[in-house]
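Each remark here refers to the structure printed beneath this line.
The values are calculated or read from the model by the stated rules, or taken from the named source; none is laboratory data. Since we're looking at a predicted model, the values are computed, not measured. Please note: Cβ atoms are built from the backbone with ideal geometry, for glycine as well, and neighbour counts cover all protein chains shown.
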Amino acid sequence: MIRTDPSAVFPPSPPRVPVWALPGGPVEHDTDAAFCAGAALNSLDFLLRSDPTWAGAWRQRLALKCASAAVRLAGRSEDEAALRDAWYLRPSGSDPGPAGNLLAAWRQLASRAPAIDATSLAEVVNLLGLRWDDGFAELPGAIDELARSGRPAPFAAAAIAGRVVAVSPGAELLAWWCADLLLAQKLRWPKPVPLLMAQVFAPAFRATGHGAKRVRPGGEEIERALCLALSQGADDALRLALDLSRRAERLAVVAPKLRAKGAGEVIRRLLEDDAVPGSLTTKALSRFGARRLFERLQTFEAVRELSGRDSFRLFGL
C-alpha cells in the first residue's frame, strides 16, 4: 500500500498570469512589453519556488512542446506523438534519430541545473545537428558574462540568442535553447523552464507591419518580441501546471489503494516525466504487473493513455 499526503503534491492553487499582462493586440513600446514579461515571470517564479512534486513531469511536457516547434523549424514533420514514440519506445541507450535528438536537447535543458560548461554545451550542439568547431567554443563564456551582467533577464536572453546566430546564422535552435538557459540563471531558478522555442511561430514573434515575417534572434524587434513571447509562454506553462496539479492530486488520492509491488516507483516516474511506457519493468514490477497497474490507474482516472494505441502504450498525468 502506498501512503501519500495529497497536500504535499501541489501548491494550494497554481498561480496564473494576470490578464492585463497578456496583450490582446500589438505592443508598440519595449517598456510595455517588458512590463508584461515581468508580471508573467513573477507568476511563474511563484510556482517554481513552491517546488511541486509534479514539476518534473511539467518541465518535460514543456520540453516536448519546445521540441515539436524545433522539429518544425528544422523542416521536419514529426509531431508530439512521433517524438514520444522516438524517445520512449527505442531500445535502451539507442539513438532516437534526428527528431528524437532534438527532444533530447530540450529534455536535458529541463532536467539540469542552469550552469553550463563547454563539455555539456558541446553535447547539446551535437544533438541539434551542429558542429562545435563552427565557433561555439566561446558561448559558455558569453553566457556567464551575461548572467553576471546587470541586464534584465529577458534582455539578456535576447542578447545571447543574438550572439548565437551571429556566430552561425543556421543555429537558431541553439539560440533559443541558450536563451531559456540564461533566463533561468538570471532568475536563479533551480532548473530551466522550456518556454521560448514553443513560441517561435506564435504572434509574439511576428514583425510589426511586415505581415507573416518572423522576428529572429538578432533582429531589430527581438527584445520586444521576446518579452511578449515570455508573457504568453509563462501563461501557457501555468495553464499546463494547473491541469497537471489536478491530475497529480487525483493520483495522490488513489495511491493508498494501490497494493502492487513497485507501484511507488511508477508513481514517482509519472510525477517526474512526461510519459511512462506501459511495458515498464523494474526489480519489483514485471511487465504483466505493470499492465495491471496501469489498467487500475486508468480505472481510477489517475493517468491518461497518451498514444491512442492498443499496444506499445504510453501513460502520463
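Here are some notes:
- Pairs linking a residue in region 132-159 that is closer than 13 Å to Cys178 by Cα to a residue that is assigned to a loop (DSSP other than H, G, I, E, B) and among the acidic types (Asp, Glu), with Cβ atoms under 7 Å and 6 or more positions apart or on different chains, are Pro140/Asp117.
- Among residues of region 33-58, those that are in a helix (DSSP H, G or I) and closer than 19 Å to Val266 by Cβ, counted: 4
- Within region 129-149, restricting attention to residues that are in a helix (DSSP H, G or I) and small (Gly, Ala, Ser), the residue that is surrounded by the fewest Cβ atoms within 10 Å (Cβ to Cβ) is Gly141.
- When the test is whether a residue is at pLDDT below 95, in contact with an Asp or Glu (Cβ under 9 Å, 6 or more places away or on another chain) and among the β-branched types (Val, Ile, Thr), Val27 does not pass it.
- Out of Val276, Val266, sole residue that is in contact with a Lys or Arg (Cβ under 7 Å, 6 or more places away or on another chain), modelled with pLDDT of 90 or more and within 24 Å of Asp310 (Cα to Cα): Val276
- The single condition from (1) modelled with pLDDT of 95 or more; (2) closer than 25 Å to Pro15 by Cα; (3) surrounded by 21 or more Cβ atoms within 10 Å (Cβ to Cβ) that Pro217 fails is (2).
- Residue within region 280-300 that is surrounded by fewer than 18 Cβ atoms within 10 Å (Cβ to Cβ) and touching a residue at least 60 places away in the same chain (Cβ under 8 Å) present: no
- Qualifying helices (runs of 4 or more DSSP H) (wholly inside region 80-128; at least 1 residues being touching a helix residue (DSSP H, G or I) at 6+ places or on another chain (Cβ under 7 Å) and more than 24 Å from Ala57 (Cβ to Cβ)): 118-127
- Residue satisfying condition, being more than 14 Å from the chain's Cα centre (by Cα) and among the hydroxyl-bearing types (Ser, Thr, Tyr), within set Ser120, Ser68, Ser111: Ser120
- Those residues of region 80-121 which are free of Cβ contacts under 8 Å to residues at least 24 places away in the same chain and among the charged types (D, E, K, R), in sequence order: Glu80, Arg90, Asp95, Asp117
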